[in-house]
Amino acid sequence: MAAKDLEIIRSIRSNTFAMSESNQVRIDKFLWSVRIFKTRSIASEACRKGRVIINDHPVKPSRTVLPDDIITVKKLPVIFKYRVITPVQNRVSAKLAGNYIEDMTPEAEKVKHEMKRSALHGFREKGLGRPTKKERRDIDRLFDDFIGQ
């Protein structure tokens, strides 16, 4: 083996075993506990599909998280970026999630996320209730014309 390969193996082993048994947290569990994903199974699936990257390397759901790891999560069309402050095993409230991760997502990505959220449902004045059948058909026609172009 080349010296570089041995160095990589040593760094992987040290990263895996550096933390004590009680402090090790799997990436899928961590992403679920800080509320990046709604369920742990969705977080595991994203890891398996290569949508979760730690320090520029795609990871499996069993990869352990260390402090100062940079996590990139692809929820298309947006690519979120986080830095781990402290690994946590149990799910925490949305208010406390900021104590464990730092959001490093660029502003351009945040704008994409807001556009996606607003375009998904459209806009309707408060108090108008559900659209009538005719209004619904008009809305569908508008979206079909918009998407078809």
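Here, each number is a calculation from the coordinates, and none is a lab measurement. These numbers were taken from a predicted model, which means no experiment stands behind them. Cβ coordinates were reconstructed from backbone atoms using ideal geometry, including for glycine residues, and neighbour counts include every protein chain displayed.
Laid out as a table, the results:
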{"read-out": "Gain on full stretching of the segment that runs from K112 to K126 - 0.36 nm per residue minus C-alpha separation", "value": "2.6 nm"}
{"read-out": "Summed side-chain charge close to M115 - residues other than M115 whose Cβ falls under 15 Å, Lys, Arg +1, Asp, Glu -1", "value": "+2"}
{"read-out": "Highest average packing first - 94-105, 70-81, Cβ atoms within 10 Å", "value": "70-81, 94-105"}
{"read-out": "Cα-Cα over 30 Å, subset of K75/K133; K49/K110; K49/K112; K81/K133; K49/K133", "value": "K75/K133; K81/K133; K49/K133"}
